[in-house]
Structure formats: C-alpha cells, structure tokens
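Following: one structure in structure tokens, then a few remarks.
The values are calculated or read from the model by the stated rules, or taken from the named source; none is laboratory data. Source: prediction; values computed, not measured. Every residue, glycine as well, gets a Cβ built from its backbone with ideal geometry; the counts of neighbours run over all protein chains shown. Quick note on the areas: whole protein, heavy atoms, side chains included, nothing else; ligands and nucleic acids left out. Shrake-Rupley method; radii C 1.70, N 1.55, O 1.52, S 1.80 Å.
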Amino acid sequence: MEHLNQEKSAEADVQATPEASATKASRKVFVKTYGCQMNVYDSDRMTDALTNDGYEATDAMEEADLVILNTCHIREKAAEKVYSELGRIRKLKEEKAKDGKQMMVSVAGCVAQAEGAEISRRAPVVDLVVGPQSYHRLPELLNRASNGSKVVETEFDIEEKFEHLAKPTKEAVRKRGVTSFLTVQEGCDKFCTFCVVPYTRGAEVSRSVEQIVGEARRLAGAGVREVTLLGQNVNAWHGEGPDGREWGLGELLFELAKVDGITRLRYTTSHPRDMDDALIAAHRDLDILMPYLHLPVQSGSDAILKAMNRKHTRDEYFRLIDRIREAREDIAMSGDFIVGFPGETDQDFRDTMDLVERVGYASAFSFKYSPRPGTPGALLEEQVEESVKSERLSELQALLAQQQQAFNASLVGQNIEVLFEKMGRREGQLAGRSPWLQPVHVNAPAELYGEMATVEIVSSTANSLEARLI
Ligand code: 5AD
Ligand code: SF4
C-alpha cells in the first residue's frame, strides 16, 4: 500500500519576525510521502514545523525551494523508489540552478534512519538526511545544511520528538479535512523476523493520555470528526493516565469518546497478542468506535508463525477472532499477509489460504516476502523462489479480492451511516466512508461535507459503494 501525500499550502500560527519574513516568506516546501499512515502523519508535522518557520507548502515540486521525501523501508521496492525519484530530482535541481535558483533536498523517514550517510554518498543531490525521531529539529537542521555541508541526523529520542512536535494551526487542520490521524505510539518491541520497524522506528514509546486527549481536542476544535489513532503496534499502547496509572488502549478509547465533536474513532495497526479484554470491551460498548479491525496475522501456518516470531498459533488467532465477533457481531476484519517467507512449503501456504477462508476478510493487504538487511529472516537459508512467491501471491490475492467483493455486495439494500469527507469525483457528488472503511459515493448537496448522513446502498464494486440519501 502506498499513500501519496501532496500538501496544500498552510498558514503559520507563529508570526515570523519581520527580518525572517522578509527572507523566508516566499520559500516553498514540497513533501512527498511513501509508505504507511504514520508517514502521512509525520509529513503533516514536518509541514507544520516548516510553516511555523516561514515556509509555505506547495503541491508542485518544480516550484519548491525545499523537497522532502518521507520514505519507507518496509520492502525493498519501497526503498528503491526513493533512489529513482532522487535521480529525477537531481535533473530538476540542475535545471533550476541554470536559472540561478536553489533547491534543497532532504530524505526523511525510515530509509533515512536505516541508511543514514550512505544516502548522500549514493545520491549527492541530497543535502539533509533526517530520521523519524528528529523532525522537531528540522528548521535548525536545514539551517545547518544551507551552507552546502551535508547533514545527517539519525538520533533516537522519540519522547523528545513528541514533546516538541509542531502543532498544526486551525487553518492547516481545516485544509486537511474532517478525518485525521493521531499518533499515540511509535516503535515496536516485537521483532518479527521479517520486519525492519524495530530498527528504523526504535523501541516502543507511548504518548501520555494528556497529550493524546489534548491533540484530539485541538483537532475536534478545528472541525475534525473522525480520528484514527496510529501506532506501529497501536494496541500495545500503554500510556500514563491523569491518575498516574498506566492505561491501555481500551481505556484511552473510552476517554476519547468523551471529546466533544468527535463522532468516529478508529485505530491501526494491531498485533493479535495485544488484543486485551478491555479493548474488546470497547468494541462492544462504544458506538463511536468503528466496527473495523486491521489485525495482521501474516501467515496461517504454525511453523511459519513460529519462524516469523509472531508468538501465537493459528488456533489462538481463531479463538481471538471469535471473542471479538462475540463482542461486536458486525465487525469487519482486515489484515496483512506475507507469502514466501523462508521455508514456506506448499502446505504452509495452503494453511494460509485455509485461514483466509475461515476468517473471511473485508479487505486485506498481501505481499511477497522481501528480505530486509539486518533482519533475522534475511539470513535464513531456505529462501523461496521468486516465481513461487508470485504464484502464491496471485492465488491469495484472488481469494482476498473475492471476499472483499462479496463483503461489499452484502451491503447492497442496507441503510448505513456515512461521514462525508471529500467532494465526489462527479459534479453534485460527495464521497464518504462507511463504518467499515469502504469509500461511498453519494449524490448529495455540498453542505453535507463534514456531516454524517444515513444512506441506502444501491450498488457495489470491488472497491467501493454507491448510495443514495434517505
Ligand atoms: N517483506 C514483505 N512484507 C513485509 N511486511 C513487513 N515486512 C515485510 C517484508 N520484509 C508487511 C507485513 C506488515 C506490513 C506493514 O508489511 O505484512 O504487516
Ligand atoms: Fe514489524 Fe509489526 Fe512485527 Fe513490530 S509487530 S516487528 S511493526 S510486523
């Protein structure tokens, strides 16, 4: 999955000094986001920090004085995309230099963290390499890089980052729309043997209830209606509560449900081992918590789950799903799957197909295993051949697509609630999301943007629903 985020301009809430505004007001920043939702969130925070420093966001790379690539290292393909983009940026920078214009280039995100100084060696066009834990220091780092020296900053201090992250202005939040991400937890201590996250994002750190509720209130005050809590392992969140005790995600959701103006809550991504009773109870008791759960299992084979260090069996996963469905009957399941992990036999793959058949997914992401440098999986000997991975992936994706299509079709004729979050592609249409995260297209007046409405689903496709207002 890939989210491309091209920021619209946002105004600064901190007045630049007269001296600064004279030199900085016209500078423009272009941010391109790769990878997961946390990168989308981080890109917005970088934009906020820079608008506070006198930059204006642009969605045209050619007019930018500063280009930031917020990168993803999760699979080899994702990381390689960055280098081809840097090739194009080098040409653009040379063109601009001919017109006497400068352009700074920064690589941020997980490739920055994993490869550090290697990036500016391989791509000398890069002025600044900045890892995910140093975004609050971006203006200062850019200053250091502006005299032509290469700057590489990959320090690890997540707690400091959260304390100092720039807050968006009301204006900026409004421009971003009525749904928002909110990072509550970052990093991971699970060390699944295929995954780079514990190395690129570091150990698990949770923000406090006070910080999270404060951010949710600010978002709601600026018109946000739906908040999606983010974390690499969001259900492992355990932050300090106002009573000094350590709270879990279930408790946090009950607290956020009280924030005025918020009408929908979601959270992603979760690990099966951290689905505790309080979180399952939140799904039972909180109407505002949407009945959709992204709970990656990766494989349906016990041997592969063990080799992946997932620390649970397929039966434990089935029992967990039963408990969740008992609490919230209409919950839609989503997940991630990897095919071709080292040592995966045909039978292991059959077990994955069987698990998918038994659970029934409303949507899911699936990938070929990609050996990542520095992870234990990459050192395993029995790597699976590329052609076998491809065959298994198409078979799995065909089944998942069929399940998604059937799930969408099952809603036709039903009345459901939609939150309108975008203007539709066609004139007179609005686009919203169902409780189960499907895009829903409806002929509706523009005034309903940002509102909830009841609609009747009239038809479905593989990826979306069509509905009419009732
Ligand atoms: N190869 C393939 N897929 C991977 N993922 C994580 N690491 C790898 C890898 N090395 C997938 C997992 C994870 C999702 C975000 O990306 O399915 O849940
Ligand atoms: Fe990576 Fe998720 Fe496993 Fe953590 S729990 S190591 S983020 S796959």
Exercise. So, in Å, what gap is there between the alpha-carbon centers of the stretch 220-279 and the stretch 392-470?
Worked result: 25
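Stretch ARG319-PHE365 to full length: gain in nm at 0.36 nm per residue minus the Cα-Cα span?
On the way: separation 46, 0.36 × 46 = 16.56 nm, distance 2.19 nm.
Full extension from ARG319 to PHE365 adds 14.4 nm.
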For this session: Would you pull out the residues with amide H under 5 Å of THR183's amide H, same chain only if 5 or more places away, H placed 1.01 Å from N?
Result: LEU230
Exercise. To the nearest 0.05, what FRET efficiency results for ASP276 and SER464 with a Förster distance of 41 Å applied to their C-beta separation?
Worked result: 0.75
Seminar exercise, completed: Diffing the stretch 391-407: the Karplus 3J(HN,Hα) column from phi (6.51, -1.76, 1.60, θ = phi - 60°), in whole Hz with x for Gly and Pro, holds 4, 5, 5, 5, 5, 5, 5, 5, 5, 5, 5, 4, 5, 5, 4, 5, 5
Exercise. Taking amide hydrogens as modeled 1.01 Å from N in the peptide plane, which residues meet the under 5 Å criterion relative to ALA57, leaving out close sequence neighbours?
Worked result: ALA10, VAL29
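Residue separation times 0.36 nm, minus the C-alpha to C-alpha distance between GLU160 and LYS311: what's the value? Intermediate results must be reported in sequence, preceding the final value.
Values: separation 151, 0.36 × 151 = 54.36 nm, distance 3.11 nm.
Contour length minus the Cα-Cα distance gives 51.2 nm.
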Exercise. Which pairs in the list LYS32/LYS368; LYS32/LYS175; LYS32/LYS389; LYS28/LYS101; LYS190/LYS311 are over 20 Å apart, alpha-carbon to alpha-carbon?
Worked result: LYS32/LYS368; LYS32/LYS389
Exercise. Each residue of the stretch 343-348 in turn: what ³J(HN,Hα) in whole Hz from Karplus with 6.51, -1.76, 1.60 and θ = phi - 60°, glycine and Pro shown as x?
Worked result: x, 5, 8, 4, 5, 4
Exercise. Using alpha carbon centroids, what distance separates the stretch 192-218 and the stretch 345-359, in Å?
Worked result: 32
Exercise. Isolated Cys in the chain by the 4.7 Å beta carbon test?
Worked result: CYS36, CYS72, CYS110, CYS188
Seminar exercise, completed: SER387 and GLU329 label points (each 7 Å along its Cα→Cβ direction) are spaced in nm at 5.0
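In the chain, what percent of the accessible surface is made up of carbon and sulfur (1.4 Å probe, ligands and nucleic acids excluded)?
Values: 9900 of 20700 Å².
Taking all protein chains in place, the chain shows 48 percent carbon and sulfur surface.
Mind giving me the FRET efficiency for LYS77 and GLU447? R0 is 41 Å, r the Cβ-Cβ distance, nearest 0.05 is fine. Please report the intermediate quantities before stating the final value.
On the way: r = 43 Å, r/R0 = 1.04.
E between LYS77 and GLU447, to the nearest 0.05, is 0.45.
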Problem set entry | Rough spin-label spacing in nm, given labels placed 7 Å along Cα→Cβ, for ASP260 and ASP189 | 3.8
Exercise. Which FRET efficiency value, to the nearest 0.05, is calculated for ARG425 and THR454 with the Förster distance at 22 angstrom and r the Cβ-Cβ distance?
Worked result: 0.50
Exercise. At ALA60 and ASP99, where each label point lies 7 Å from the Cα along Cα→Cβ, what is the point-to-point distance in nanometres?
Worked result: 0.9
For this session: Given the peptides 432-441, 203-212, arrange them by the average over their residues of other C-beta atoms within 10 Å, most packed first.
Result: 432-441, 203-212
Seminar exercise, completed: Stretched fully, the stretch from MET353 through SER146 gains (0.36 nm per residue minus C-alpha distance, one decimal, in nm) 69.2 nm
For this session: Convert each backbone phi in the stretch 262-278 into a coupling constant with the Karplus relation 6.51 cos²θ - 1.76 cosθ + 1.60 (shift: θ = phi - 60°), then list the ³J(HN,Hα) values in order as whole Hz, x for Gly and Pro.
Result: 7, 10, 9, 10, 9, 8, 6, 10, 10, 9, x, 6, 9, 7, 8, 4, 5
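Quick one: grab the alpha carbon gyration tensor of the stretch 291-409, order the square roots of its eigenvalues as a ≥ b ≥ c, and give me rounded if a/c is under 1.5, else prolate or oblate depending on whether a/b is larger than b/c. Walk me through the numbers on the way to the answer.
Details: a/c = 2.20, a/b = 1.55, b/c = 1.42.
It is prolate, given that a/c is not under 1.5 and a/b is the larger ratio.
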For this session: Using a 10 Å cut-off on Cβ atoms, rank the peptides 350-358, 45-53 from the highest mean neighbour count down.
Result: 45-53, 350-358
